[in-house]
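Okay, so here's the structure we're looking at.
The values are calculated or read from the model by the stated rules, or taken from the named source; none is laboratory data. Computed from a predicted structure; not experimentally measured. Note that each Cβ is placed from the backbone with ideal geometry, even for glycine, and that neighbours are counted across all protein chains shown. In case anyone asks, the SASA skips ligands and DNA or RNA and just uses the protein heavy atoms, side chains included. Shrake-Rupley method; radii C 1.70, N 1.55, O 1.52, S 1.80 Å.
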Amino acid sequence: MNWTIIWTILLLVGSNVCMTFAWYGHLKLQDMHISDGWPLILVILFSWGIAFFEYCLQVPANRIGSQINGGPFTLMQLKVIQEVISLTVFTVFVTVFFKGEALQWNHFVAFGCLILAVFFCFLK
């Protein structure tokens, strides 16, 4: 078992969970009427506070996973993996926290295209 791959993926998942909450969590807070009166600068600072933890996970994931540092992935592979994880985390977040957002057939086709992107990215 290659622990470098596992740690890279786990760090990327954690990073993307933080990123999704930083980018879209404030909308849920507004939907729940928690942040209705917040000025935009406070919403931005709140999101930046969460994004700090995203970077605390993203940077080590890229350093551990990159071939530049002896990891198993090229930069292109790291980016494609990150995008697939990002969209997967986002999809779970939206379907759990925003009940009005339903998955449609075209979303599944798009996910299939992402799987193809990973396949082609790793093709030798």
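Just a few scattered comments:
- Looking across region 86-117, just one residue is open to solvent by 70 Å² or more (accessible area, probe 1.4 Å), under 20 Å from Asn16 (Cβ atoms), modelled with pLDDT of 90 or more and not hydrophobic (A, V, I, L, M, F, W, C), and that is Thr88.
- Only one of the listed residues (Asn2, Asn62, Asn69, Asn16) is in contact (Cβ under 8 Å) with a residue 60 or more places away in the chain and either charged (D, E, K, R) or open to solvent by 30 Å² or more (accessible area, probe 1.4 Å) (or both). That residue is Asn2.
- Leading residue by the ranking (surrounded by the fewest Cβ atoms within 10 Å (Cβ to Cβ)) among those in region 72-85 that are in contact (Cβ under 8 Å) with a residue 40 or more places away in the chain and more than 17 Å from Leu114 (Cα to Cα): Pro72
- The set of residues from region 14-63 being among the aliphatic types (A, V, I, L, M), outside any helix (DSSP H, G or I) and touching a Leu at 6+ places or on another chain (Cβ under 8 Å) is empty.
- Flag: Phe120 matches the condition of being of a type in the set (Phe, Trp, Tyr), under 22 Å from Ile6 (Cα atoms), open to solvent by 60 Å² or more (accessible area, probe 1.4 Å) and assigned to a helix (DSSP H, G or I).
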